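Nothing in this text is a laboratory measurement; each read-out follows from the coordinates by a stated rule. For clarity, every value in this text was computed on a predicted model and none was experimentally measured. Positions of Cβ are backbone-derived with ideal geometry, glycine not excepted, and every protein chain shown enters the neighbour counts.
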């Protein structure tokens, strides 16, 4: 970590003066340097051709450091993945901080390093941003906003309007892991095996899936806040069809399932940060899952259900013992400050 003269973030670091410049020059600009960011301008001028995807998200997670990651890499991965769900190849991100006075400089540096590493893994450049500091007690350590731009894949035709009866519903990995990793810290829960967040970038695997299966992929979605159940309800509403899922086919770590029981949570409603859901033509579903199994984050991918003509706009789950129940949209906030 470079010498920044202060042990903690002060209001002066948000003044726009000497301290702000020192923080940016020695910290942000030096660590995240690239030709576009190096102009130190109010924005980035980018040359694009073709169709673009644009996304933005804000991250207010508590705690900012959690098993498996921190708010910095979460902010990069989250926006990268949102672009990937649009069928786009992420290229550029903006990065904005709202920092509470008193944040230890060592923590800010650790977050910056995580941002740099996550951006390198996703092969994206951070090209513009902003830093503000608020008085102690007016924030909670640090909030981050990232916006991203990407080029839409030539074969991508991602739209709920393309979903049809018979399509298969696929989840790319274990569900509910991120949310329970956060809750284990908040509630002081101990497990024989550590539960860590699944936060990761998904754009490289999504690109390969689009390369191979193209328009036979009808939809991508990442089940972050609200979890799998909320996303499925949104999809059923948007396409006007019904969805059937089977509980025994939904991959959940035993430790996560046990924690959900202790906390009174349904894994289907718990947030995720490193998996996606795909709705694909039935003809390619098995090959799609086999392809996913080639990726580290896709080894536990599974077909969990299908789109049906029955019970339009509703999601029905078949339990492990054969019973059926309606899976409704999440009411209220099950896990606040989860991302």
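Where does helix 254-263 land angle-wise versus the long Cα axis of the chain, in degrees 0 to 90, nearest 10?
Roughly 80 degrees, rounded to the nearest 10.
Please grab the % of Cα pairs in region 11-152 that end up more than 28 Å from each other.
Of the Cα pairs, 15 percent sit more than 28 Å apart.
At 222 nm, what value in deg cm²/dmol follows for the chain if DSSP H runs of at least 4 each add -39500 (n - 2.57) and the sum is divided by all its residues, to the nearest 500?
Taking each H run of at least 4 residues, the total per residue is -8500 deg cm²/dmol.
What is the order of 80, 231, fewest Cβ neighbours within 10 Å to most?
231, 80
When a footprinting reagent is the concern and you count Cβ atoms within 10 Å, what order do 273, 255 take, fewest first?
By the 10 Å Cβ count, ascending, the order reads 255, 273.
Please report the projected area of region 107-185's Cα convex hull averaged over all directions, in nm².
For region 107-185, averaging the hull's shadow over all directions gives 9.5 nm².
Quick check: residue separation of residue 330 and residue 33 times 0.36 nm, minus the Cα distance between them. What number comes out in nm?
102.8 nm
Could you state the per residue volume, in Å³, of the convex hull enclosing the Cα atoms of region 160-326?
109
Between residue 54 and residue 162, what FRET efficiency follows from the Cβ-Cβ distance if R0 is 22 Å, with the result rounded to 0.05?
0.55
In which sequence would 48, 108 go, from the one with the fewest C-beta neighbours within 10 Å to the one with the most?
Ascending number of Cβ neighbours within 10 Å: 48, 108.
With 10 Å bins from zero, work out the P(r) of the chain over every alpha carbon pair and list the percent per bin.
Percent of pairs per bin, in order: 6, 25, 31, 23, 12, 3, 0.
Measure nothing fancy, just the Cα-based angle from helix 203-213's long axis to the longest principal axis of the chain, in degrees from 0 to 90, nearest 10.
40
Relative to the longest principal Cα axis of the chain, at what angle does helix 177-187 sit, 0 to 90 degrees, rounded to 10?
Approximately 60 degrees, to the nearest ten.
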